[in-house]
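Colleague: Submitted below is the structure of interest, expressed as structure tokens.
The values are calculated or read from the model by the stated rules, or taken from the named source; none is laboratory data. Predicted model, so just to flag it, every value in this text is computed and none were measured. Here the Cβ is made from the backbone with ideal geometry for all residues, glycine too, and neighbour counts use every protein chain on show.
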Amino acid sequence: MARSGAFPERTSPRSRDSNPEPLGAGPALIRTGTLLTGIYEGHARELGLTPQQARLLFVVAEEPDNMLGLGATVRLGKSTMTSLVDRMEELGLLERSADARDRRRLVVTATARGKEVSSAFETAMRASITTITSPLNEVELSALARILSVILVKADDLLPSE
């Protein structure tokens, strides 16, 4: 049975030429997500991090927050967040301290080493994204950013939390 629309029969552009046969939107998004996840995990591994640790470190380096706020941002439950932050404290990447505005709350912040590792991770990811998008011109990059922004807004609602 032939499929149509977003999911046509062809699901993988194996060609290495600059003009591979186009995929449907669904397979292209799935393949792109899979490839980007692999790149993300590879860069995290190179820095001695799990993907969850890399994600949390990037968030904390940008904006320290309490455990509840961070858990909501990275979509992890309280017990997972606690063990994740515990492990990252042991690695010298994060630290918990009393909130200056409310001493009952603990704020999670990146240590100097955590900020260095987060910066290295961001640099590696930016380089990979630049390489991946290098065949695109400015108009195509702008269109890609607009399209992905629309998709991300809709997809965020579908992403389950722990």
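Colleague: Give me the pairs, please: first residue somewhere in segment 134-156 and at negative phi, second residue anywhere and surrounded by 11 or more Cβ atoms within 10 Å (Cβ to Cβ) and hydroxyl-bearing (Ser, Thr, Tyr), beta-carbon distance under 9 Å, and either six or more positions apart or on two chains.
Modeller: Between residues of segment 134-156 that are at negative phi and residues that are surrounded by 11 or more Cβ atoms within 10 Å (Cβ to Cβ) and hydroxyl-bearing (Ser, Thr, Tyr), the close pairs are 140/133; 141/133; 144/133.
Here is a yes/no grid of residues against (1) part of a loop (DSSP other than H, G, I, E, B); (2) surrounded by fewer than 16 Cβ atoms within 10 Å (Cβ to Cβ); (3) among the charged types (D, E, K, R); (4) under 15 Å from the mean Cα position of the chain (by Cα):
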{"residue": "54", "(1), (2), (3), (4)": "no, no, no, yes"}
{"residue": "61", "(1), (2), (3), (4)": "no, no, no, yes"}
{"residue": "88", "(1), (2), (3), (4)": "no, no, no, no"}
{"residue": "102", "(1), (2), (3), (4)": "yes, yes, yes, no"}
{"residue": "116", "(1), (2), (3), (4)": "no, yes, yes, no"}
{"residue": "119", "(1), (2), (3), (4)": "no, yes, no, yes"}
{"residue": "141", "(1), (2), (3), (4)": "no, yes, no, no"}
{"residue": "149", "(1), (2), (3), (4)": "no, yes, no, yes"}
{"residue": "155", "(1), (2), (3), (4)": "no, yes, no, yes"}
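Colleague: So residue 106 clears everything in (1) at pLDDT below 95; (2) in contact with a Lys or Arg (Cβ under 9 Å, 6 or more places away or on another chain); (3) within 30 Å of residue 21 (Cβ to Cβ) except one condition, right? Which one?
Modeller: (3)
Colleague: Now for a different question. Do we find a residue being without any contact (Cβ under 8 Å) to a residue 60 or more places away in the chain, within 14 Å of residue 121 (Cβ to Cβ) and touching a Phe, Trp or Tyr at 6+ places or on another chain (Cβ under 7 Å) anywhere in segment 86-107?
Modeller: No, that holds for no residue.
Colleague: Suppose the filter is assigned to a helix (DSSP H, G or I) and under 14 Å from residue 47 (Cβ atoms); does residue 124 pass it? So that I can check it myself, show each step before the final result.
Modeller: Working: assigned to a helix (DSSP H, G or I): yes; under 14 Å from residue 47 (Cβ atoms): yes.
So residue 124 fits the description; yes.
Colleague: How do the pairs read when you match residues in segment 18-39 that are surrounded by 11 or more Cβ atoms within 10 Å (Cβ to Cβ) with residues anywhere that are β-branched (Val, Ile, Thr) and outside any helix (DSSP H, G or I), using Cβ under 7 Å and keeping only pairs 6 or more apart or on different chains?
Modeller: Final answer for the pair search is 23/11; 27/11.
Colleague: Within segment 90-100, how many residues are part of a loop (DSSP other than H, G, I, E, B) and hydroxyl-bearing (Ser, Thr, Tyr)? Reasoning before the result, please.
Modeller: Of segment 90-100, the ones part of a loop (DSSP other than H, G, I, E, B) are 91-93, 99-100.
Remaining after also requiring hydroxyl-bearing (Ser, Thr, Tyr): none.
So the answer is 0.
Colleague: On to the next question. In this structure, does residue 123 turn out to be modelled with pLDDT of 95 or more, more than 27 Å from residue 38 (Cβ to Cβ) and of a type in the set (Ser, Thr, Tyr)? Steps first, please.
Modeller: Values: modelled with pLDDT of 95 or more: yes; more than 27 Å from residue 38 (Cβ to Cβ): no; of a type in the set (Ser, Thr, Tyr): yes.
Here the answer is no, as residue 123 does not meet what is asked.
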